[in-house]
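Remarks on the structure that follows.
The values are calculated or read from the model by the stated rules, or taken from the named source; none is laboratory data. Values in this document were obtained by computation on a predicted structure and should not be read as measured data. All Cβ positions, even for glycine, are placed from backbone atoms using ideal geometry, and neighbour counts span all protein chains on display.
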Amino acid sequence: MEWEKIRNIVSEMLEIRPEDVHMDSSFFEDFGADSLDVYRIITAIEDVFSVEISDLTSGYMPQTVGALYNRVSELLGLSS
C-alpha cells in the first residue's frame with residue numbers, strides 16, 4: 001500500500017507514468033529530477049504519511065525511489 005502511494009506521488013510530481021517508477025529508479029539519472037523536485041516529493045510524502053523525513057538542515061537527499069521508500073517504511077515502523 002505504501003509503495004503504491006509513494007510511486008503515485010513520484011509519478012505525479014515528475015509527470016511520468018507510475019509503471020515507470022521502480023525501487024531502483026534514480027531521481028536524477030533516470031528521471032532528470034533536480035534537488036528541488038526531490039524536495040517537493042519529500043514534502044508531499046511527509047504530508048500524506050504524516051511523517052518528518054528530513055528538515056532543511058539535515059541534508060537528506062535520497063538518490064533512488066527505493067531509498068526514499070525505505071526511509072518512509074522505517075519512520076512508519078514497517079522495516080524489519
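So in the stretch 1-29, with the set limited to residues that are modelled with pLDDT of 95 or more and of a type in the set (A, V, I, L, M), which one is nearest to residue 73 (Cα to Cα)?
6
Among residues belonging to the stretch 30-63 that are in contact with a strand residue (DSSP E or B) (Cβ under 9 Å, 6 or more places away or on another chain) and more than 24 Å from residue 77 (Cβ to Cβ), point out the one that is surrounded by the fewest Cβ atoms within 10 Å (Cβ to Cβ).
If we filter the stretch 30-63 for residues that are in contact with a strand residue (DSSP E or B) (Cβ under 9 Å, 6 or more places away or on another chain), which is where we start, we get 30, 33, 63.
Remaining after also requiring more than 24 Å from residue 77 (Cβ to Cβ): 30, 33.
Numbers: 30: 16, 33: 20.
Looking at residues that are in contact with a strand residue (DSSP E or B) (Cβ under 9 Å, 6 or more places away or on another chain) and more than 24 Å from residue 77 (Cβ to Cβ), I get 30.
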